[in-house]
1. What distance in nm separates the simple spin-label points at Thr91 and Ser54, each placed 7 Å from Cα in the Cβ direction?
2. Once amide H atoms are placed 1.01 Å from N in the peptide plane, what residues at a sequence separation of 5 or more from Met66, or on another chain, have their amide H within under 5 Å of its amide H?
3. Tell me the net charge near Gln79. Cut-off is 13 Å between Cβ atoms, Gln79 excluded, with +1 for each Lys or Arg and -1 for each Asp or Glu.
4. How far, in degrees from 0 to 90, does helix 2-20 lean away from the longest principal axis of the Cα atoms of the chain, to the nearest 10?
5. Please name which of Pro64, Asn75, Ile113 has its Cα lying farthest along the dipole of the chain towards the positive end, using unit charges on Cβ (Lys, Arg +1; Asp, Glu -1) and the Cα centre as origin.
6. Tell me the label only: which of [x] 25.8, 71; [y] 13.9, 43; [z] 20.8, 67 is Rg and Dmax of the Cα atoms in Å as calculated from this structure?
Amino acid sequence: MKHTRALALLLAAAFAVAAAGCFKPPRNMPNETVIGYDGNTAVPPDCDSLARPSLLTDAGIRRPSMQWGCATYTNLAAQLARPEDAVHPQTLGPANAAVAASAVRRYETGRVIQLDKSTSRDSK
């Protein structure tokens, strides 16, 4: 009896591993390019254009379509500090090695600069 259960578990695991290669992410899913820029503000995506029909049915009735990424990209468009970065992002400049090394040195020697209490707060 124990051998049968172990064999069934082994076969189920083998099937899961073999089938894992069959599942691929859906194609034509929206990405960050759906956020527009009108010259002044970030424009959230048109949610109707993001709608994808559902492939699932519930008791023979097709489920409603899903607007994949609509809330995510609408919220992202509302939070952009520099909306033009959605269309023309700035290139990353060089790091300031002297400032980084100074911070590491202060940390290693125990001379960490404390946070300004008037503009910062404790995480506790």
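Read-outs throughout are calculated quantities, based only on the coordinates presented, and are distinct from any laboratory measurement. As the structure is a computational prediction, the values presented were derived from the model and not from experiment. Here the Cβ positions follow ideal geometry from the backbone for every residue, glycine too, while neighbour counts run over all protein chains shown.
1. Computed distance between label sites Thr91 and Ser54 equals 4.8 nm.
2. Result for Met66 returns Arg52, Ser54.
3. -1
4. The angle comes out near 60 degrees.
5. It is Ile113, whose Cα lies furthest towards the positive end.
6. [x]
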